[in-house]
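The values are calculated or read from the model by the stated rules, or taken from the named source; none is laboratory data. Predicted model, so just to flag it, every value in this text is computed and none were measured. Note that each Cβ is placed from the backbone with ideal geometry, even for glycine, and that neighbours are counted across all protein chains shown. In case anyone asks, the SASA skips ligands and DNA or RNA and just uses the protein heavy atoms, side chains included. Shrake-Rupley method; radii C 1.70, N 1.55, O 1.52, S 1.80 Å.
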Amino acid sequence: GLTGSYPFAAKAAGLEFDELVNRMLDVAVKRYFGQNFTSSKALISFPEENNHLKIKSYLRNRQPRYLEMLKIFVNTNTYVRNLEGVNRLSTMIKKNLNSLGFSFQRIQQAEIGNMFFFTNSEDEEFDILLLGNIDNAVRIEEHRYFHETEQRYFGTGVWQNKGGLVVMIAALQALKNCKILGKCRIGVLLTTDSSIKNKVSASIIRQKALQSNSVIGLTGSFLEGGLVTSRSGAATYNISLNLINNESTSHVTRMTTLFTKLCSTLCNLSNQEQGILVTPAHLEFNSNILNVSAHGKMSISVRFKHPEQLKAIETKIDKLLPQRKALIDSYIAIGNQRPVMERSENVASLWKTYKAIADRLDIRLREEHRWSSSDINFVSNEKQKIDGAGPVGTQDEKKQEYILKYSLIERSA
């Protein structure tokens with residue numbers, strides 16, 4: 001009973017009632033599954049202690065702490081150019097990893113937040129590299145702060161990156177509690193330019209991945225509970241058209257027609273069966289009949305499944321782009337690119353390992369392909385790698401990110 005001496009004594013020791021009940025269950029589990037004990041009649045032997053049971057129990061007991069951590073992470077704006085917010089979240093993560101015995105290397109940056117690399121190893125090689133990012137593309141005026149419903153947690157970054165960071169911390173703490181953490185050489189790389197396609201960190205990711213046997217990405221998982229075993233490559237093309245000849249108002253109409261036709265023709269390059277997707281990420285067109293002027297800009301996003309497809313698409317774009325003539329001036333700039341993450345034999349091998357662990361924990365997993373790219377695309381396809389290790393979620397019809405409540409602890413396990 002809540003008013004009994006036992007709960008009263010537990011509260012004095014720092015345990016709330018629900019934590020006390022869970023603690024009692026933990027002791028029962030250890031007695032039944034993991035320890036030898038003597039009864040008055042006989043010596044009864046039980047199997048070796050199951051770490052997966054200890055891990056699930058540890059995480060369950062600390063679920064309120066991880067929820068509070070998630071709230072703080074989500075409510076911290078980490079827009080890629082908000083250096084203060086990015087560095088503040090990095091510092092919070094550093095405190096948690098330092099307490100686990102991880103040393104750190106700060107990679108100073110001027111235009112974006114500082115990157116961090118953590119490790120519990122004195123070697124320069126690692127069994128596992130955990131790859132996550134701090135930043136996002138959401139300015140502070142568009143930031144959506146943490147809130148919850150009966151089954152979901154909402155907020156900027158809760159699914160894309162910040163939920164995965166909490167999962168990582170929870171998982172490492174659980175491994176330390178089971179005295180397993182020290183048996184594995186782990187590296188943790190936190191980038192701060194993922195929303196600008198790793199303009200600075202691409203070479204750092206490649207280098208750290210070369211020193212690691214396996215790489216695990218911390219982005220969120222889709223609702224089906226999948227792990228990402230392949231990702232499309234990504235490229236951006238910024239195209240500008242400007243009207244040169246302003247002698248006739250009809251030239252404005254011609255310019256408008258050329259602009260819309262070019263956009264439509266480029267989108268028709270898409271072929272989902274072959275793994276090619278071409279979409280306009282941004283369109284802007286301004287014209288004035290009185291002053292006879294017209295200017296159009298488009299940002300074209302390309303997703304591709306095989307490296308050779310990108311060269312073919314670039315050739316087609318060059319041919320479709322109107323050449324500079326007496327009527328129109330044109331310009332194209334190639335933006336940041338990410339290579340393809342292919343489902344290699346090494347990826348398949350890591351997937352099987354992951355799936356076997358999930359089966360022991362009675363957690364549903366499936367493989368999935370993502371049209372979107374992420375930091376892990378810069379990891380060599382020769383490596384064992386997998387992405388989507390963060391909590392289960394997506395975006396709703398209002399483009400609000402959310403995760404399912406149960407998945408925060410499940411994915412940590």
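Between the stretch 166-199 and the stretch 59-98, what is the separation of their alpha carbon centroids in Å?
Cα centres, the stretch 166-199 to the stretch 59-98: 13 Å.
Just subtract the alpha-carbon distance of Arg88 and Arg206 from 0.36 nm times their residue separation and send over the number in nm, one decimal.
39.9 nm
Build a GNM of the chain with springs between Cα atoms under 10 Å: which of Ala171, Ala28, Ala12 gets the top mean-square fluctuation?
The residue that fluctuates most here is Ala12.
So, how do all the Cα-to-Cα distances of the stretch 257-317 break down into 10 Å bins, in percent, from 0 on up?
For the stretch 257-317, the pair-distance distribution reads 20, 46, 22, 10, 3.
Positive end of the dipole of the stretch 150-230, charges at C-beta (+1 Lys, Arg; -1 Asp, Glu), about the Cα centre: which of Gly164, Val215, Gly225 has its Cα farthest in that direction?
My answer, from the dipole projection, is Val215.
Between Ser380 and Ser5, take the C-beta separation as r, use R0 = 51 Å, and let me know the FRET efficiency to the nearest 0.05.
For Ser380 and Ser5, the calculated efficiency is 0.25.
Which FRET efficiency value, to the nearest 0.05, do you get for Lys199 and Arg343 by plugging their Cβ-Cβ distance into 1/(1 + (r/R0)^6) with R0 = 30 Å?
The pair Lys199/Arg343 has a calculated efficiency of 0.70.
Roll a 1.4 angstrom probe over the protein heavy atoms and tell me the percent of accessible area of the chain that is carbon or sulfur.
Carbon and sulfur together cover 50 percent of it.
How big is the charge dipole of the stretch 61-100 about its Cα centre, in debye rounded to the nearest 20, if each Lys and Arg gets +1 on its Cβ and each Asp and Glu gets -1 on its Cβ?
So the magnitude is around 80 debye.
Between the stretch 244-285 and the stretch 319-360, what is the C-alpha centre distance in whole Å?
22 Å
If I ignore ligands, DNA and RNA and count only protein heavy atoms, how much of Glu125 is accessible to a 1.4 Å probe, in Å² to the nearest 10?
Approximately 110 Å² of Glu125 is accessible to the 1.4 Å probe.
Using the structure shown, select from Lys316/Lys383; Lys355/Lys399; Lys162/Lys399; Lys54/Lys355; Lys162/Lys183 the pairs with a Cα to Cα distance greater than 22 angstrom.
Lys316/Lys383; Lys355/Lys399; Lys162/Lys183
Please name which of Ile317, Leu365, Leu350 has its Cα lying farthest along the dipole of the stretch 293-394 towards the positive end, using unit charges on Cβ (Lys, Arg +1; Asp, Glu -1) and the Cα centre as origin.
Ile317
Want the number for His147 to Ile332: 0.36 nm per residue separation, take away the alpha-carbon distance, what's left?
Full extension of this stretch gives 62.4 nm more.
Under unit Cβ charges (Lys, Arg +1; Asp, Glu -1), what dipole magnitude, rounded to 20 debye, does the stretch 256-317 have relative to its Cα centre?
20 debye
Which percent of the Cα-Cα distances in the stretch 234-354 go past 23 Å?
It works out to 41 percent of all Cα pairs.
Calculate, for Lys352 and Ser372, the FRET efficiency according to 1/(1 + (r/R0)^6) with r their C-beta to C-beta distance and R0 22 Å; round to the nearest 0.05.
Once rounded, the FRET efficiency stands at 0.35.
For the chain, what is the charge dipole size about the Cα centre, in debye to the nearest 20, if Lys and Arg each add +1 at the Cβ and Asp and Glu each add -1 at the Cβ?
Here the chain has a charge dipole of around 360 debye.
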